[in-house]
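Each remark here refers to the structure printed beneath this line.
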Amino acid sequence: MPIDGYFIERQIEEFLPQLKLGKTRKISGLDKHTILFEIYRKGQVLNLIYNFSPNAAHMRITNNLKGSFNSSFITLLKKELLNTTLKGIKQYKKDRIVFFEFEKSDPFFGKIKRILVFELMGRNSNLILLDEENIILDAANKRFNEHLRSILPKLPYEVFPTTKKEFKFTDLTNYHSSDELFYNSLGFSRELAAFVYNKRVNLTNEPTKPTLYVNQKNIFHAIDLKLPGKKKEFPSTSLLLEYYYSITLKSDDYLIKLLTKEHHKQTTKLTKLSEQLKANKNYDFYRLTADKIYSSSLNLDSRHSEFEGLKLDYNLTLNQNAQALYKRYRKMKNSLEHLTGQIKKTKNLINYYSDLIANFSFYNNDDLTDIKQELINLGVIKHSKKTSKSPTKYLSFQLEGGVCLVGKTAKQNEYLLSVLARGNDLWFHVKDYPGAHVILKGEKSEQNIMFAAKKALEYSSLATLLKGNVNYTLVRNVKRIKDRPGFYVSYKNEQTIYLSI
C-alpha cells in the first residue's frame, strides 16, 4: 500500500517533538535509494532515513543502520547540511511532499538556509536539495522533460503537478463515491477515502494509532481504518514502517531484485548477440579469402601464418586453412537467422521484465503469486512441489449499467480477454507505457468510459504523473501476440482519451 498524505501528516506531528532544533551530525548512504541523517537533540541521537526507492518510498526514525553507499549527491548533502540545525518540517498542503528546513551560521554570510524536499511519489520519488531562493542545488534523481517539470541543478523548484484539491470535511456531501473523493482530493489513498466516505469520518477527530492489517498485507495507516480481521498496532509510525518494510516485504524485495537481475542478464545478452550478429554479417569476407587462396598459385600443401593480413593456423596446410575459411563462412551465414531470432526473443524478455518492474508498485499478494508462477514457467524460479491451481483474481468495479474489470498480470489479462470479455465490450490500456488491461462490460456511457480509462491510467506506470493518454477499442479489435512472455496484444480502430486523475 502506498503511503498517503494523511499518513505523512501524522508522521510530521510525530517527528517534530523529536527532531526540531536538532543538529545534523552525520549523513551517509545505506544503499542507492536510502540516505541516513544522524540528528543530535538534547543528549539523544536519532537516525532519520529517507528511502526514495520506486516501490518503498518512506521516511522513518530507525536503529537499523546496515549498508554503505556513496554518491556525488550524498557528498553535496554533507557539504551543505552537516552541522546544520533542523528548524522545521512542513508538508505541502496534504500532498506527499515534505520540506525539511535546515539552517547554519557562516562567519562571512551569516545565517544560511537550505531546504531538503522529500517527494514520496512512487517511481518518481526523489530527494531534492534547494537553496534559500528555492533553486535546485542537486537531486538524488535528476530528470529532464521538455513538457513537464525538470529536476536539474540551477532550475527553480516546482512542486509535483496535480489537479487534486485540499479536502474539507464539510465538503464530503458533495462527493458521490469514495472513488470520487480519492480522485479529486489531496492526501487520500484508496483505503482512506473508503473509510472517510463510507463511515462519514472527520479525520481531525481520529487519534493517531499506527495499524497494520495482518490479513490484508498491503494495508496500513497512521489511524485505525476499522477494517475486519486481525490487526497489529504500533506505538509509532516509524516502528510500523520498520516492521512493514523490513519484515513484511522481504519476499517482495527478493522478487524485485530477481526481476532486476534477469533484466540486466538479458540486456547483457542482447549486447553480445548484437555484436555477434554484426560480426557474422561479414561472412562473405571468409569465402572471398578462401577463393583468393586457391587463385593465388601458392603451393596448397605449404604452411603460412597469414594471408593478406588474415591470420592462419600454421599447423594446417594452405588447403586446410582455405577449407576452414569456407566452413567458417557457411557457419556465420547460417547463424544469421538464428541470431536474429535470439535477438527478438531477448528483446521480448527485456520488455517483459521492464514492464513487471515498472508496474511492481501496484501489485498485491495475488498479483505477486501470479508473477511467481510466470517466472516458474519461464524457468527463472525453481519449484520443488506442485502448486494447486488458484482462482484468477482480478479487480472488479460495479458501475451504473455496467462493470469495469482490471487485470494486472498475464494470467488475469488472459482470463479477462479470453473468457469474460465479448466482442462488443471495450478494452482500455494506457498509450505507449506498461499498465493494466481494462475491460468495460455493459453500458458504454461517457461516465463509464471515463471511469474505465481512469483505471487504465491509475494502474499504469504513468499513475504518479496523474495524467496521460489512454487508448480504447472494441474487444474484437484486440489480438494477443503469441510467442511472447507475459501478455501482449495488438489492436486497431482505437480512440485516445487524454485525462488526469
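Scanning the range 143-201 for residues that are of a type in the set (Val, Ile, Thr), outside any loop (DSSP other than H, G, I, E, B) and touching a Phe, Trp or Tyr at 6+ places or on another chain (Cβ under 9 Å) gives ILE151, VAL196.
In this structure, does LEU227 turn out to be under 22 Å from HIS58 (Cβ atoms), in a strand (DSSP E or B) and outside the structural domain of ASN47 (by TED's automatic domain parsing)? The answer is no for LEU227.
For ASP171, the conditions (1) in contact with a helix residue (DSSP H, G or I) (Cβ under 6 Å, 6 or more places away or on another chain); (2) at pLDDT below 95 are fulfilled apart from (1).
Residues that are within 46 Å of the chain's Cα centre (by Cα) and aliphatic (A, V, I, L, M) were ranked within the range 276-301; the one that is nearest to TYR329 (Cα to Cα) is ALA279. Of the residues making up the range 445-471, just one is surrounded by fewer than 24 Cβ atoms within 10 Å (Cβ to Cβ), among the β-branched types (Val, Ile, Thr) and under 13 Å from TYR498 (Cα atoms), namely ILE449.
Residues in the range 1-36 that are small (Gly, Ala, Ser) and farther than 19 Å from GLU80 by Cα: GLY5 only.
To keep it simple, each residue is scored yes or no on (1) loosely packed, with under 14 Cβ neighbours inside 10 Å; (2) of a type in the set (Asp, Glu); (3) touching a Ser or Thr at 6+ places or on another chain (Cβ under 9 Å).
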site: GLU275; (1), (2), (3): yes, yes, no
site: ILE293; (1), (2), (3): no, no, no
site: ARG303; (1), (2), (3): no, no, yes
site: PHE307; (1), (2), (3): no, no, yes
site: ASP313; (1), (2), (3): yes, yes, yes
site: LEU316; (1), (2), (3): no, no, no
site: ARG328; (1), (2), (3): no, no, no
site: THR346; (1), (2), (3): no, no, yes
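Selection over the range 101-120 of residues that are over 21 Å from THR162 (Cα atoms), without any contact (Cβ under 8 Å) to a residue 60 or more places away in the chain and touching a strand residue (DSSP E or B) at 6+ places or on another chain (Cβ under 6 Å) gives a count of 10. Filtering the range 397-406 to residues that are without any contact (Cβ under 8 Å) to a residue 40 or more places away in the chain and within 16 Å of ARG422 (Cα to Cα) leaves VAL403, LEU405.
Residues are listed down the side, and each one gets a yes or a no for (1) more than 20 Å from ALA56 (Cα to Cα); (2) surrounded by fewer than 20 Cβ atoms within 10 Å (Cβ to Cβ); (3) among the aliphatic types (A, V, I, L, M); (4) under 29 Å from the mean Cα position of the chain (by Cα):
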| site | (1), (2), (3), (4) |
| --- | --- |
| LEU86 | yes, no, yes, no |
| LYS93 | yes, yes, no, yes |
| ILE97 | no, no, yes, yes |
| SER105 | yes, yes, no, no |
| LYS113 | yes, yes, no, no |
| ILE128 | no, no, yes, yes |
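Scan the range 40-65 for residues that are crowded, with 21+ Cβ neighbours inside 10 Å and aromatic (Phe, Trp, Tyr) and the total you get is 2.
The values are calculated or read from the model by the stated rules, or taken from the named source; none is laboratory data. These numbers come from a predicted model, not from an experiment. Every residue, glycine as well, gets a Cβ built from its backbone with ideal geometry; the counts of neighbours run over all protein chains shown.
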